[in-house]
Amino acid sequence: MRFVEEFRDAELGRALAAEIRSLVQDGRTYKLMEVCGGHTHSIYRYGIDGLLPDGVELVHGPGCPVCVLPMGRVDDGIALAHEPNVIFTCFGDMLRIPGSHGSLLDAKARGADVRMVYSPLDALAIARRNPEREVVFFAIGFETTAPSTALTLMRAKAERIANFSCMCNHVTIVPPLRALLDSPALEIDGFIGPGHVSTVVGARPFRFVPEDYGKPLVISGFEPLDVLQSIHMLLTQLADGRREVENQYARVVPWEGNPRALAVIAEVFALRPHFEWRGLGFISQSGLALSDAYAELDAERRFSIPGIRVADPKACQCGEVLKGAIKPWECKVFGTSCTPERPIGTCMVSPEGACAAYYSYGRHAGQREATRENALTGAGEAYP
Amino acid sequence: MCLAIPGRVVEVVDDADQLAKVDVAGVRRTVNLALLDADPHALIGSWVLIHVGFALSQIDEREALATLQLLQEMGEDYEQQLRELRESAVE
């Protein structure tokens, strides 16, 4: 695997880390937010935080689609799963997300027909095989996933599959970033931009970050050296007084994104006036619903959905974690009453959630030093 | 669910719906190529990044192999994705 070694070269990593140290001004702190849960995972898997000088702090962002879903939407999904004759389909990550009265897995145990699918096309296949049943696909995800749901709905419409519908929870990446930047409490110096979302939306939509808020953003790959290089690029911009969108992941992310994927999103979805995010509250024009042309396939119009707003559990601080206001281990219930086996909050359930990443790799408070030894080797083994 | 897994396009199985067999870590699975906006036949032998049953972008071999290794090192999350992929029945 000589290809891989280029991305893992420990010497190169240490050299990069040394350059990063040389860019840091004494006494200054740099808060960099990694927007995407995939980056959070890489950072703790490879101990990247352990390579950084003390002044550089990585803050986790809201880019985990399962994590940002508010509890009310989970409850709505569960209510739908209990409708007579419904086969409720969703991605595996959704099954264990706690609602007010249990999860979708609990609903399944109580008799609801809940099925995990890998792809929305699998849900459509279930609808074709069960014409006498109503098959609902519970769609979640950012722009990475929305085009797949859109193409599936286009196919359902073209094939006139009458027993298929979609409860749409797709969200868009720009509005929550704007909301975070507007929040006076959080002073972020720069952003590690999301990799896979950007394959769809491109780099262009992030220009508001430097233009309106004067902060740099670097779209980053997921390899440990990618993330280190992106941090280096951000600190170089800050040192040079530049504020731009740069694309470290240009080998995968085109500046203009994927025009075909953007076109199908525009065809099938319409922006909701506002959508609720866990921890961030209502954000205007941040969620997608089915457009009028696809109204017949909209589960929210086909079924009566309670639409009740539920406050998050008091003990749970997922909201603070998603805003980067606290670290996972600073949450009162982290690792005690909230664990991946018995999660209270979404951030502990999804593999991309910051709490799950911290918990899995044992990266708790004060562990920075300990991770330095094993950085980049992936030797930070997950707890069994 | 946000994982994107590299696979290599083996053969086109449905021209109209742009479905192709793709080899993903030894698993052959049907993947939808419609988001790539390219002639599916021209993609045979190419590496693509697959997310929830759809090819999201075309990538080169170097990137594909590096990404595969990164995913393998993730352990359980990746194994789970592969299990889901095997059970999936895109038609």
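No lab work stands behind these numbers, since they all come straight from the coordinates. Only a predicted model underlies this, so the values are computations on that prediction, with no experimental measurement involved. Here the Cβ is made from the backbone with ideal geometry for all residues, glycine too, and neighbour counts use every protein chain on show.
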P(r) over all Cα-Cα pairs of chain A, 20 Å bins from 0 to the longest distance, whole percent per bin, short to long, reads 28, 56, 15, 0
In nanometres, the difference between 0.36 nm per residue of separation and the alpha-carbon distance of residue A:255 and residue A:213 is 13.1 nm
Here the relative contact order (percent) of segment B:5-87, from C-alpha pairs under 8 Å and at least 6 apart, is 27 percent
Phi-derived 3J(HN,Hα) across segment A:13-25 with the Karplus relation (6.51, -1.76, 1.60, θ = phi - 60°), rounded Hz, x for Gly and Pro, is x, 5, 4, 5, 4, 5, 5, 4, 4, 6, 7, 7, 6
Any GluC sites (Glu not before Pro) in segment A:106-215 that lie in a DSSP loop and have at most 11 other Cβ atoms within 10 Å would be A:132, A:187
Simple SL model, points at 7 angstrom along Cα→Cβ for residue B:80 and residue B:11; separation in nm is 3.4 nm
So, over other residues within a Cβ distance under 13 Å of residue A:310, counting Lys, Arg +1 and Asp, Glu -1, the net charge is 0
The lysines whose Cα lies under 17 Å from the Cα of residue A:31, excluding any fewer than 8 residues away in the same chain, are A:215, A:323, A:327
Cα-based Rg then Dmax for segment A:256-348, in Å, read 17.6, 48
For residue B:14, the residues 5 or more places away or on another chain with a placed amide H closer than 5 Å to its own amide H are B:19
With R₀ set to 45 angstrom, the calculated FRET efficiency between the beta-carbons of residue A:296 and residue A:336, to the nearest 0.05, is 0.40
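With the contact rule set at Cα under 8 Å and sequence spacing of 6 or more, what percent relative contact order holds for chain A?
24 percent
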Counting only backbone N atoms under 14 Å from a point 7 Å out along Cα-to-Cβ of residue A:101, the residues of segment A:277-317 in range are A:306-308
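Per residue of chain A, what 222 nm ellipticity follows from adding -39500 (n - 2.57) for every DSSP H run with n ≥ 4, rounded to the nearest 500?
On the way: 17 runs with 146 residues, N = 384.
Computed ellipticity for chain A at 222 nm equals -10500 deg cm²/dmol.
Taking only the C-alpha atoms, wrap a convex hull around segment B:5-87 and report its volume per residue in Å³ as a whole number.
So the per-residue Cα hull volume is 78 Å³.
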Interchain or sequence-distant (5+) residues whose placed amide H lies within less than 5 Å of the amide H of residue A:331 are none
Helix A:259-268 sits off the longest principal axis of the Cα atoms of chain A, rounded to the nearest 10 on a 0 to 90 degree scale, by 40 degrees
About its Cα centre, the protein assembly as shown carries a charge dipole, from +1 on Lys and Arg Cβ atoms and -1 on Asp and Glu Cβ atoms, whose size in debye to the nearest 20 is 820 debye
Footprinting proxy, A:114, A:252: sorted fewest to most Cβ within 10 Å, the residues are A:252, A:114
Each label sits 7 Å from Cα toward the beta-carbon; between residue A:240 and residue A:204 the label points are separated, in nm, by 2.4 nm
Segment A:49-118: relative contact order from alpha carbon pairs under 8 Å, six or more residues apart, as a whole percent, is 30 percent
Dimensionless Rg/Rh of segment A:221-297, both radii on Cα and Rh by Kirkwood, sits at 1.13
Rounded to the nearest 5, the percent of antiparallel DSSP beta bridges in segment A:93-180 equals 10 percent
Residue-ordered couplings for segment A:34-44, obtained by feeding phi - 60° into the Karplus form 6.51 cos²θ - 1.76 cosθ + 1.60 and rounding to whole Hz (Gly and Pro as x), are 8, 6, 9, x, x, 5, 3, 4, 4, 4, 8
Applied in sequence order to segment B:40-48, the curve 6.51 cos²θ - 1.76 cosθ + 1.60 (Karplus, θ = phi - 60°) yields integer Hz couplings, x standing for Gly and Pro, of x, 5, 6, 8, 4, x, 7, 8, 10
